[in-house]
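Scroll down for the structure; my scribbles are underneath it.
Every read-out reported here was derived from the displayed coordinates using simple, explicitly stated rules and does not represent laboratory data. None of these values were measured; they are calculated from a predicted model. So basically every Cβ, Gly included, is an ideal-geometry build from the backbone, and we count neighbours across all protein chains shown.
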Amino acid sequence: MIGVYQQKGLDFFDIIQGALLRYLNLESRPAGFFTIPREIFNPLRNQYESGMIIKKIADDKNPDYRYTVGIVDVDIFSKGMNFIFGMADPLRKTAIVATHRLAGDKLKERITKEIVHEVGHLIGLGHCDNPHCVMYFSNTLLDTDNKGPDLCEDCRRKIE
């Protein structure tokens with residue numbers, strides 16, 4: 001079971017629940033809402049550090065959930081990257097997706113792809129070389145738009 005945490009004010013649970021069930025056959029439940037602590041904000045970058053958000057969610061999560069995912073609407077980064085759409089921490093069994101750079105008329109489709117991608121990491125998948133596979137690394141929004149929401153045959157075999 002996956003617990004879905006959302007930043008206060010967001011309401012994407014139905015999209016996330018549908019994506020996880022359809023593309024990974026995983027069930028999820030609403031786990032609650034959270035506020036991102038101000039100290040996670042990096043004023044020099046005007047962004048939030050993704051690993052610290054994951055740590056907050058992981059530290060506060062309900063132990064009944066095998067995995068947790070969080071969704072936020074702020075701009076996030078990871079060390080060595082200008083920005084990221086999401087991040088997974090398999091050791092903490094927690095991932096996040098940020099909608100900030102996914103905005104636009106394809107928001108639901110982009111959230112679907114990024115949630116499936118990050119949970120794919122939680123269940124043991126790495127990045128895929130197939131540009132149509134959801135596990136393909138998205139360096140740009142165009143990469144996200146061009147890939148599909150599903151796993152390719154090679155990635156699917158790795159989890160079966």
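Students often get this wrong, so check it: of LYS79/LYS147; LYS55/LYS158; LYS55/LYS147; LYS8/LYS61, which have C-alpha atoms separated by over 19 Å?
Working: LYS79/LYS147 25 Å; LYS55/LYS158 27 Å; LYS55/LYS147 29 Å; LYS8/LYS61 16 Å.
Long pairs (Cα-Cα over 19 Å): LYS79/LYS147; LYS55/LYS158; LYS55/LYS147.
When the Karplus curve 6.51 cos²θ - 1.76 cosθ + 1.60 is applied with θ = phi - 60°, which whole-Hz ³J(HN,Hα) does each residue of the range 76-86 get, with x for Gly and Pro?
With coefficients 6.51, -1.76 and 1.60, one gets 10, 9, 10, 3, x, 10, 5, 7, 9, 8, x Hz.
Could you name the aspartates and glutamates whose alpha carbon sits less than 19 Å from that of LYS56, not counting residues in the same chain fewer than 8 places away?
List returned: GLU39, ASP64, ASP73, ASP75, ASP89, GLU118.
With θ taken as phi - 60° and the coefficients 6.51, -1.76 and 1.60, list the Karplus ³J(HN,Hα) couplings across the range 27-43 in order, rounded to whole Hz; mark glycine and proline as x.
8, 9, 9, x, 10, x, 10, 9, 10, 7, x, 4, 5, 7, 6, 9, x
If each Cα of the chain is one equal point scatterer, what is log10 of I(q)/I(0) from the Debye formula at q = 0.16 Å⁻¹?
Log10 of I(q)/I(0), two decimals: -0.84.
Show the residues, 5+ positions off or on another chain, whose built amide H is closer than 5 Å to the amide H of PHE33.
Amide H to amide H, under 5 Å and 5 or more residues apart or across chains, PHE33 pairs with GLN6.
Can you give the net charge of the other residues whose Cβ lies under 12 Å from the Cβ of ASN25, counting K and R as +1 and D and E as -1?
Working: positive: ARG22, ARG156; negative: GLU27, ASP150, GLU160.
Once all neighbours under 12 Å are counted, the net charge is -1.
Long-range amide H contacts for GLY70: which residues qualify at under 5 Å (H placed 1.01 Å from N, peptide plane, sequence gap of 5 or more or a different chain)?
Hits under the 5 Å cutoff: TYR5, ALA95, ILE96, VAL97.
Could the peptides 1-7, 38-44, 73-79 be put in order, highest first, of the mean number of other beta-carbon atoms found within 10 Å of their residues?
Top of the packing list down: 1-7, 73-79, 38-44.
Long-range amide H contacts for TYR48: which residues qualify at under 5 Å (H placed 1.01 Å from N, peptide plane, sequence gap of 5 or more or a different chain)?
Hits under the 5 Å cutoff: ASN42, ASP75, ILE76, PHE77.
Could you check which residue among GLY86, GLY124, GLY18 shows the biggest mean-square fluctuation in a GNM of the chain with a 10 Å Cα cutoff?
Of GLY86, GLY124, GLY18, the Gaussian network model singles out GLY124 as fluctuating most.
If you count the DSSP beta bridges with both ends in the chain, what percent of them are antiparallel, to the nearest 5?
25 percent
For the residue pair ARG38 and LYS106, what label-to-label distance in nm results when each label sits 7 Å from Cα along the Cα-to-beta-carbon direction?
Rounded to a tenth, the inter-label distance reads 3.7 nm.
Can you work out ³J(HN,Hα) from phi for every residue in the range 141-146, in order, using Karplus 6.51 cos²θ - 1.76 cosθ + 1.60 and θ = phi - 60°, giving whole Hz and x for Gly and Pro?
5, 4, 4, 5, 5, 7
Reachable aspartates and glutamates from LYS108, Cα under 12 Å, same-chain residues fewer than 8 places away excluded?
ASP11, ASP14, ASP145
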